[in-house]
């Protein structure tokens, strides 16, 4: 049984969902330390002038965990993000399908970054028809730090293998700890798929909203066909 894990993200990119779709279970790491320069609160969409970074402003004291990070609503970020999404995707082939969700989401005021991310995350999974069981680390309360905690999380959901991005080996993942615990390490083979986009030359590795708006019901097959593009 293959298990994946990752921090919760705002507007996650395609490889995030490819990982989930190829796992038998997935753990959202929502109670680990927030990374100020990471992607928990930002990602890129594509407009007429190319890639645009959308960032949710937050209050995140040093050492704060992700699910306690609050949104700075003194800044009218919701209006900006919604206006940018309209500009980028109002003419997309599947705008009528997805625009109502985003309009309603940005009409609400959000207090916690994790609540916003989880709300959007559940929508993306449904739109992509990904049925992988999802677990939240804050609800699992598995002990340990770093890779030791991942091992415990994988075992807690019945996993025998851990599906990881290759970058994790250089950043934080201790492969020896996995092997010692009897957990097989499976590395994600990712090449960004090329699909039909608005606004000129193709840009890879954008937020999942770009794929959904442009490709609609074909998004899942494009996402899972990414591996074949490398062969």
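Summary table
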read-out: Qualifying residue in segment 95-109 (condition: surrounded by 18 or more Cβ atoms within 10 Å (Cβ to Cβ) and out of contact with any helix residue (DSSP H, G or I) (no Cβ under 6 Å at 6 or more places or on another chain)); value: no
read-out: Test: residue in segment 130-139 that is farther than 19 Å from residue 69 by Cα, in a strand (DSSP E or B) and touching a residue at least 60 places away in the same chain (Cβ under 8 Å); value: yes
read-out: Within segment 201-218, considering residues that are part of a loop (DSSP other than H, G, I, E, B) and either touching a residue at least 24 places away in the same chain (Cβ under 8 Å) or touching a strand residue (DSSP E or B) at 6+ places or on another chain (Cβ under 7 Å) (or both), the one farthest from residue 46 (Cα to Cα); value: 205
read-out: Residue that is surrounded by the most Cβ atoms within 10 Å (Cβ to Cβ), among those in segment 42-54 that are touching a residue at least 40 places away in the same chain (Cβ under 8 Å) and more than 16 Å from residue 86 (Cβ to Cβ); value: 43
read-out: Selection count where residues are closer than 24 Å to residue 166 by Cβ and in a loop (DSSP other than H, G, I, E, B), scope segment 188-200; value: 7
read-out: Residue, farthest from residue 127 (Cα to Cα), within segment 206-231, restricted to residues that are at pLDDT below 95 and surrounded by fewer than 16 Cβ atoms within 10 Å (Cβ to Cβ); value: 231
read-out: Residues of segment 151-177 that turn out to be within 20 Å of residue 21 (Cβ to Cβ), in a helix (DSSP H, G or I), out of contact with any strand residue (DSSP E or B) (no Cβ under 6 Å at 6 or more places or on another chain) and touching a residue at least 24 places away in the same chain (Cβ under 8 Å), as a count; value: 0
read-out: Subset of segment 188-197 [surrounded by fewer than 17 Cβ atoms within 10 Å (Cβ to Cβ) and either out of contact with any helix residue (DSSP H, G or I) (no Cβ under 8 Å at 6 or more places or on another chain) or at pLDDT 95 or above (or both)]; value: 194, 196
read-out: Top-ranked residue of segment 166-187 - restricted to ones that are crowded, with 17+ Cβ neighbours inside 10 Å and in contact with a helix residue (DSSP H, G or I) (Cβ under 8 Å, 6 or more places away or on another chain), ranked as modelled with the lowest pLDDT; value: 173
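The values are calculated or read from the model by the stated rules, or taken from the named source; none is laboratory data. Only a predicted model underlies this, so the values are computations on that prediction, with no experimental measurement involved. Heads up, the Cβs are rebuilt from the backbone with ideal geometry, glycines too, and the neighbour counts pull from every protein chain shown.
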